[in-house]
Each structure stands twice: as C-alpha cells, then as structure tokens.
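Asker: I am attaching a structure below and will ask some questions about it afterwards.
Rule-based calculations on the coordinates, nothing more; no lab input. Quantities reported herein were computed from a predicted structural model and do not represent experimental measurements. Cβ: placed from backbone, ideal geometry, glycine included. Neighbour counts: every protein chain shown.
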Amino acid sequence: MPLKELLVFHPDEGYLADIQSLQRYIQSELNVRDVVFSFDEALSGVRYSAVADWGVLGRKLRKDLARVKTALPKVPSDDVKAYTTTGKITVDGIDLVEGDLTVQRYLEVPPSSEGQFATNTDNDVVIRLDIQLYEDLQGERLSRELTNRVQKLRKKAGLQATDDVDVFYHFEEGLGVDLLSAIQANTEVITKIVGSLPTNVKEKRADAEIILEEEQEIDDTKFKLYLAKP
C-alpha cells in the first residue's frame, strides 16, 4: 500500500543534505509518495528525554538513585535539551553532569493523530511515517498493479515497446469496482505507460483480432485482460 509521507529529522543541515541523494531509493523501498527532510525541531515536533545507565549512576549516587529514577521521566523536554549544551541538569535536587545521562530525541504525536503515524529514533535521526490509508493512494496502487499486468501481458505476447495494441478487461457482474475507479482516476498515467486506456471488452469491435488474453487477479478480484490489434 502506498504511504503518503516520511519525515526525516536531524539537527545538522549538512547531514540532511548528504542523505537527500537517497530520496528516490527510500521512496521506492517504502512506497512512500513524499520524503520531507527537516532540521526544524518545532515544525517536526521533536522532543527530548533522558535515560541513564542505572548500574553506573547508582555507584555514584547511592541512596539518591531512587529519587533520580523516579523524577527523571518527568523532567521537561526543554531542560533535557539544555543539558546537551551545558552538560548540567538538576533532577529532584540532585545535580548531574555530562556523561551521567544519555539524551534521546523523539517525536511527540498528538492524541488526535494517534494511529496515523509511526515513529522511531536512534537518538540523532528521528523519523515519522504517515501510515494512514488514503483513497487516492489506493487508486494509484491499483492503477500501478494494472499497468504492470498489461506490461507483462505485452511481453508474453512478444510485442515491442513501439507496437500499438488495444487493451480490454472483463469483470464478472458486481466485481472490480475499485479497479474501475482507479482506471478513471488515473487515465493519464495509465495511457502514458501502456499506450492506451483499458476499456470494457464489450466495446471491442467484432472484427478486432485478439492477440492474447489471460486471467488476472488483484486484491482477490479475478478478471480477464485482452490485447487486441487496433
């Protein structure tokens, strides 16, 4: 299923410039329409949290460790961010310095968008993938599936890229509604790729010679594709 957008955040503009060369690869592998690169924390919704190696920190804090462990998850994002610059932070009255904590970046997804986004981070790079299903993207996927089937059928028929053919389809009564909608919504793209717009086999001229016909299946919907001489 095509996805709408992948947001890639990193605070270093140079880093983002380096990975932009991978944009087409990312789009292809994830089947995502848009990849957005950003170093703007506010726009991206980046937040900061801190974690600790409790075994190491425990040897330093001893009896105060429990206080830090309880309070650390409640430390405001801005305070944790400041720690990355100053190397100092106070947690429940306990002073900590650089090396005591590990800072993590993450994306805060508002409750209203829960279920729409998937996020991940390696502490430096933060990504947010829009995993919501969109009707227009569904139509694009189905049209690509259809054009792929037509191209394979052309190859099976031994046709060259310059050979003109008419393409027809046949669905059993009541089937293929989504595919037919996809054809109507993506006529320009389909025509550009396969050379003609697939139409109902009922519209085929009686004297048109069928070159090849084959049963296809997309999303559990079976139908027939025909190639005919124009």
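Asker: Which net charge results when you count Lys and Arg as +1 and Asp and Glu as -1 among the other residues whose beta-carbon is under 11 Å from that of residue 230?
Answerer: Surrounding charge for residue 230 is -1.
Asker: So, one more: Considering only the other residues whose Cβ falls under 15 Å of the Cβ of residue 220, what net charge follows from Lys and Arg at +1 and Asp and Glu at -1?
Answerer: Within the 15 Å Cβ shell, the charges total -3.
Asker: What share of all Cα pairs of region 1-64, in percent, falls into each consecutive 10 Å distance bin?
Answerer: Each 10 Å bin holds this share of Cα pairs: 18, 32, 21, 17, 11, 2.
Asker: For region 46-106, what is the largest minus smallest coordinate of the Cα atoms on each principal axis, given in angstrom and ordered from greatest to least?
Answerer: In descending order, the Cα extents are 33, 19, 19 Å.
Asker: Compare 136, 163, 34 in a GNM of the chain, Cα atoms joined below 10 Å, and give the one with the largest fluctuation.
Answerer: It is 163.
Asker: Roughly speaking, what is the centre-to-centre gap between region 7-55 and region 91-115 when only Cα atoms are used, to the nearest Å?
Answerer: 18
Asker: What number comes out for the charge environment of residue 173, summing +1 per Lys or Arg and -1 per Asp or Glu over other residues with Cβ under 14 Å away?
Answerer: Every neighbour counted, the sum reads +2.
Asker: Filter the cross-link list 4/202; 4/152; 156/204 down to pairs whose alpha-carbon distance in this structure exceeds 25 Å.
Answerer: 4/202; 4/152
Asker: With runs of 4+ DSSP H residues as the only contributors, calculate the mean residue ellipticity of the chain at 222 nm using -39,500 (n - 2.57) per run, divided by the residue total and rounded to the nearest 500.
Answerer: So the calculated ellipticity at 222 nm is -10500 deg cm²/dmol.
Asker: Turning to a different aspect of this structure: Which value, in Å³ per residue, describes the convex hull spanned by the Cα atoms of the chain?
Answerer: 181
Asker: Report, to one decimal in Å, the Kirkwood hydrodynamic radius for region 135-228 based on all distinct Cα pairs.
Answerer: One decimal place: 13.4 Å for the Kirkwood radius.
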